[in-house]
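The structure appears below as structure tokens.
Just so it is clear, none of the values below were taken in a lab; they were calculated from the coordinates. Everything numeric here is computed off the predicted structure, so don't read it as measured data. Cβ sites come from the backbone with ideal geometry, for glycine too, and all protein chains shown count toward neighbours.
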Amino acid sequence: MATPIADQLHHKLLGQDFTGTDTAWPQEQLKALAELYAETEQAIAVLSDMQANRSYICYGGIAATLGISCPVQHKTIDSIWEEEIFSGTHPDDLQNKYFLELQFFNTVKQLPQAQRHGLFAIHPLRIRNRNNQYVTILHRIFYPRTSTPEELRFALCLYTFPSYQALPPRNGCIVNPVTGALIPADHNRSRNILSRREKEILSWIDKGKMSKEIADLLSISIHTVNRHRQNILEKLHVSNAMEACRMARMMGVL
């Protein structure tokens, strides 16, 4: 999953402050919930623990259709990412999934705690089946309520066939099941993350120009250029100019 937007999502999820979290909080009820979804919907259910960077995966009948070998009904992996599913997912859909999950995380974190845990995000994915043909699979993600409501410690992802309900938009959406409201994936928000001047400076950086050259081209001070460069790195959550250019291209900024 090594792409700029995936790296940013990974950093957001695992970078939460779990100081003082009750690590002994019982997880068995969440595991039972994942097992129930896998059994009743024949889904693949993935319960991820952001604090431990681990996932508990339960396999329903859909796993065999997707050609996923599962000699046991459930297993634990040392990652919050289900790479065995991602490896067969269409690259464009996978990137849209990361965009939506990042928007979903930011949306939920901004809500009052009482309103956080009713939402879920939903996204259609093209995933290769055992015959190496793409089929449409519905992906849903929830943040279950836990004993530490300040942080989003657990996520439950479900993979099912969408035949029993209408498909969401291709780019996915966030759903409020109480009101029925849909929040579409907003890729334009990502494209507008940088100011006009920051985009201009980043475009010159992408062309190999140094800060002094950019300052001369734009008739501004080198101090101003460096300040914009630092703002760009912070907004894109990257550590250097090369990563900033890669991230900007991925997000449609460049």
**Message:** Report the Cα centroid-to-centroid distance between the stretch 213-254 and the stretch 36-83 in angstrom, as an integer.
**Reply:** 40
**Message:** With the crude spin-label approximation of a point 7 Å out along Cα→Cβ, what separation in nm comes out for LEU218 versus ALA32?
**Reply:** 5.8
**Item:** For MET242, MET50, order by how many other beta-carbon atoms lie within 10 Å, fewest first
**Value:** MET242, MET50
**Request:** Could you pull out every residue, at least 5 positions away or on a different chain, whose amide H is within less than 5 Å of the one on PHE161? Hs are placed 1.01 Å off N in the peptide plane, and Pro or chain starts have none.
**Result:** LEU138
**Item:** Degrees separating the helix 222-236 axis from the principal Cα axis of the chain, which is the longest one
**Value:** 10
